[in-house]
Amino acid sequence: MIKRIILLVVMLLLISSFSVQNKNVAEAADMIVPVTLKEEIVNLTTLTFSLKGSFTEVISGESLLAGKTYTVKVENGYLELYDGSKLITRRSNLSLQPASVSPSHLTTLNGKVKRSYMGTMNFRIEGFKYIRPVNVLPLEEYVQGVLPGELHGNFHIHAMRAQAIAARSYVTYALSRNLINDTTSFQRYVGYSPEFHDFIKATYETAGKVLTYNGKTIDATYYSSNGGHTETNLGAWPGGNTVNLPYYPAKVDPYDEKPLYSRSVSKTQVSLLGLDVNNPTAWWDSPNNVEVNSKFATQVKRMAIPTEEAKVVDVTSFTISDERTEGKRVKRADVTFTYIKKDASGKVVTDEKGEAKKFSEKVTLTGDQFRFAVELNSTFVTSFVTTTSEYKITALGNGHGVGMSQTGANKMSNSGKGFREILAFYYPGTTITNDRSTIIPTTALQVKGTINYEGTNIRKTPSGEVISKGKLGQSVTVVGKSGVMFKVKTGTITGYINEHYVDIHQTISYKKEITPITSGQILYLGTIVSKNNTLYVPMPGLASRYKMKLSSTSSNFTVVDGTRKVVASHLSKYATVNGKKILLTAKPEKYYNRIYVPLAFLKQTGLSTSNYEEKAEQVLWINK
């Protein structure tokens, strides 16, 4: 906690000219995130707030009391902080620092919606007259506030875990490149509430985990729904990267909910019938004479006649290109429209008959411009129909389609898939870095690590008395886990340390198969195969890992492990162990011209004394 407070103080001094260097993965957990609060704080010159816990206004040194309501105002180019009618301080910037970063110390802002926030709350002046709050807090607490802004509370816990890792990766990638706000233009951030219990749990259970590719954190983009087909980064943002990133492929998504919806654009936007062109003030701004599709009209006018005061009358032609992106999205659309306009004196331009003169323009919309103009949730158009009175567009999905579908992730979770499977499907080829399983069987784990904080408490039990103090860099062997506490051995001491104070020197890289961990060592044994709800592991990989002797013929294979000799066949459910015949519950198989054995085989033949399979976590533990 002391470390976090020091970091917050540093941030307070630098926030007015905030910049962050590109962080590596190991530094991500120490990141401080400055979030500009815009969603509910709009053009306010006065803002009230209340505090839970003790706070200090850092610049003036004034103490603020819990339970009181304070007011900040913009007056003559300064921010004034009031307790009732009493002026506390007058500054160009204000910074409220809590005694701790926790739910016991909250700032509650009374904007359009009342929201509470952990961490430091800074105030600055925006546009010379408005108050702009900036919430500065540690990375993990920030992610806790993103999940309830991005997901429904009834989503499966594994979808929440996947979202936590994606959100953490997204902000870690972006911190060195962008200023961060609380709107959906970045990630929707809604602060803290005790009602966010499941979201906080999912964040805590994935603490520190980020997605990397070739050792670098990716931006891990996501959206609500892709309509059944993902999109490439170039397909969605052709002006961005010059190449398609391999972890953003265009492919069929069988898990997405595929929401279908329709929009229409009227051929007649404004009727001129009965309008007095010589008296435009009587009708030009009337609600009865607004274009039927106002966003559509605004878009085409902005592109074709940005300096004219005009109204779109008719959409005479509207077509979309047959050429699509790799993700099957619309690339462009062509629009021809007629319009009337005012001249410099404010009069409607007329023709030789004295009627409002119609002008014509043609524009080509990009995919994004098309989506905005028609008010579509996506550009995955499945139908475009022209009738006598309108153009009707039907589309699938909600969002750009690059990366993870939130509804697809939830469906995967409800079908029994874990967050690793979700992330592997939507971000293929990436690695979950800083990964530790949330459920670690004591008998299966022997992982090496080091203590990362001087004076770390080593306890007798997970919540018991302190029996020793760890030293920075001290080596430990992790032999189990209870909640957030690692059970460790170091020298002659066995005790419990909070997982945040132990660095594990191994990474679980889950791509397309289950991660096998043998005797605590995360080593690649070969592809794990699942058949008839049974997991099969490659015998050659196991034999190499445990230094067994493996030999085979076209029909049989023999494994010698010390004094134990096992003879079996992929053609039979019978095997012999030291000459004694036994019946197996499932016979071995041949895949990729290699011998594969079911987990039960390892137990029944005594080649492995125990194994542990966590399907939801997609981790297989084998112990010998």
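The values are calculated or read from the model by the stated rules, or taken from the named source; none is laboratory data. It should be emphasised that the depicted structure is a prediction, and the values quoted were computed from it without experimental measurement. Cβ placement follows ideal geometry from the backbone for every residue including glycine, while neighbour counts extend to all protein chains displayed. Note: areas computed on protein heavy atoms with side chains; ligands, DNA, RNA excluded. Shrake-Rupley method; radii C 1.70, N 1.55, O 1.52, S 1.80 Å.
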Exercise for the section: Sort through Leu260, Leu234, Leu245 and tell me the only one that's in contact with a Ser or Thr (Cβ under 9 Å, 6 or more places away or on another chain), surrounded by fewer than 17 Cβ atoms within 10 Å (Cβ to Cβ) and not charged (D, E, K, R). Expected result: Leu260
Practice task
Output yes when any residue across segment 204-219 is of a type in the set (A, V, I, L, M, F, W, C), in contact with a Leu (Cβ under 8 Å, 6 or more places away or on another chain), crowded, with 21+ Cβ neighbours inside 10 Å and touching a residue at least 24 places away in the same chain (Cβ under 8 Å), and no when none is.
Solution key: yes
Practice task
Among residues belonging to segment 311-333 that are surrounded by 19 or more Cβ atoms within 10 Å (Cβ to Cβ) and of a type outside the set (Val, Ile, Thr), point out the one that is farthest from Phe296 (Cα to Cα).
Solution key: Gly327
Handout entry: Identity of the residue in segment 57-93, in contact with a Lys or Arg (Cβ under 8 Å, 6 or more places away or on another chain), part of a strand (DSSP E or B) and open to solvent by less than 70 Å² (accessible area, probe 1.4 Å), that ends up nearest to Val134 (Cα to Cα)
Key = Leu79
Exercise for the section: Being at pLDDT 90 or above and either in contact with a Cys (Cβ under 6 Å, 6 or more places away or on another chain) or crowded, with 20+ Cβ neighbours inside 10 Å (or both) is the filter here, so list the residues in segment 567-624 that pass it. Expected result: Ala568, Ala575, Pro588, Ile595, Tyr596, Val597, Thr605
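Inspect segment 486-493 for any residue being of a type in the set (S, T, N, Q), crowded, with 17+ Cβ neighbours inside 10 Å, at pLDDT 90 or above and in contact with a strand residue (DSSP E or B) (Cβ under 9 Å, 6 or more places away or on another chain) and give the result as yes or no.
yes
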Problem - Breaking point among (1) open to solvent by 10 Å² or more (accessible area, probe 1.4 Å); (2) outside any loop (DSSP other than H, G, I, E, B); (3) under 21 Å from Asp219 (Cβ atoms), for Ser383 - result: (3)
Problem - Answer residue from segment 94-133, given it is free of Cβ contacts under 8 Å to residues at least 12 places away in the same chain and open to solvent by less than 60 Å² (accessible area, probe 1.4 Å) and is farthest from Pro194 (Cα to Cα) among those - result: Gly127
Completion exercise
Of (1) of a type outside the set (Lys, Arg); (2) open to solvent by 20 Å² or more (accessible area, probe 1.4 Å); (3) more than 18 Å from Val300 (Cβ to Cβ); (4) not in a strand (DSSP E or B), Gly401 fails just (2)
Practice task
Scan segment 135-149 for residues that are open to solvent by less than 10 Å² (accessible area, probe 1.4 Å) and either out of contact with any Leu (no Cβ under 7 Å at 6 or more places or on another chain) or at positive phi (or both) and report the count.
Solution key: 8
Exercise for the section: Please name all residue pairs, on different chains or six or more residues apart, with Cβ atoms under 7 Å, provided the first residue is in segment 46-65 and is at positive phi and the second residue is open to solvent by 50 Å² or more (accessible area, probe 1.4 Å). Expected result: Gly53/Ala66; Gly53/Ala99; Gly53/Ser104
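Answer yes or no: is there a residue in segment 248-259 that is in contact (Cβ under 8 Å) with a residue 24 or more places away in the chain, under 26 Å from Val35 (Cα atoms) and not in a loop (DSSP other than H, G, I, E, B).
Checked segment 248-259: no residue is in contact (Cβ under 8 Å) with a residue 24 or more places away in the chain, under 26 Å from Val35 (Cα atoms) and not in a loop (DSSP other than H, G, I, E, B).
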Exercise for the section: Hand me the list of helices (runs of 4 or more DSSP H) wholly inside segment 126-224 holding 3 or more residues that are at pLDDT below 95 and within 29 Å of Asn244 (Cα to Cα). Expected result: 157-174
Fill in the blank from the handout: Going through segment 38-56 in order, the residues found to be open to solvent by 50 Å² or more (accessible area, probe 1.4 Å), out of contact with any Phe, Trp or Tyr (no Cβ under 8 Å at 6 or more places or on another chain) and not charged (D, E, K, R) are Val42, Thr46, Ser54, Thr56
Handout entry: Tabulated pairs, segment 274-297, first free of Cβ contacts under 8 Å to residues at least 24 places away in the same chain, second open to solvent by 60 Å² or more (accessible area, probe 1.4 Å) and among the charged types (D, E, K, R), C-beta under 7 angstrom, 6+ apart or interchain
Key = Ala282/Asp276
Handout entry: Failed criterion for Tyr339 (all others in (1) in contact (Cβ under 8 Å) with a residue 40 or more places away in the chain; (2) aromatic (Phe, Trp, Tyr); (3) assigned to a strand (DSSP E or B) hold)
Key = (1)
Exercise for the section: Identify all residues within segment 550-566 that are within 16 Å of Ser608 (Cα to Cα) and loosely packed, with under 11 Cβ neighbours inside 10 Å; write none if there are none. Expected result: Gly562, Thr563
Exercise for the section: Filter segment 334-369 down to the residues that are modelled with pLDDT of 95 or more and of a type in the set (Asp, Glu), then identify the one that is most open to solvent (accessible area, probe 1.4 Å). Expected result: Glu361
Fill in the blank from the handout: Residues in segment 171-196 that are in contact with a Gly (Cβ under 6 Å, 6 or more places away or on another chain) and either basic (Lys, Arg) or surrounded by fewer than 19 Cβ atoms within 10 Å (Cβ to Cβ) (or both) total 1
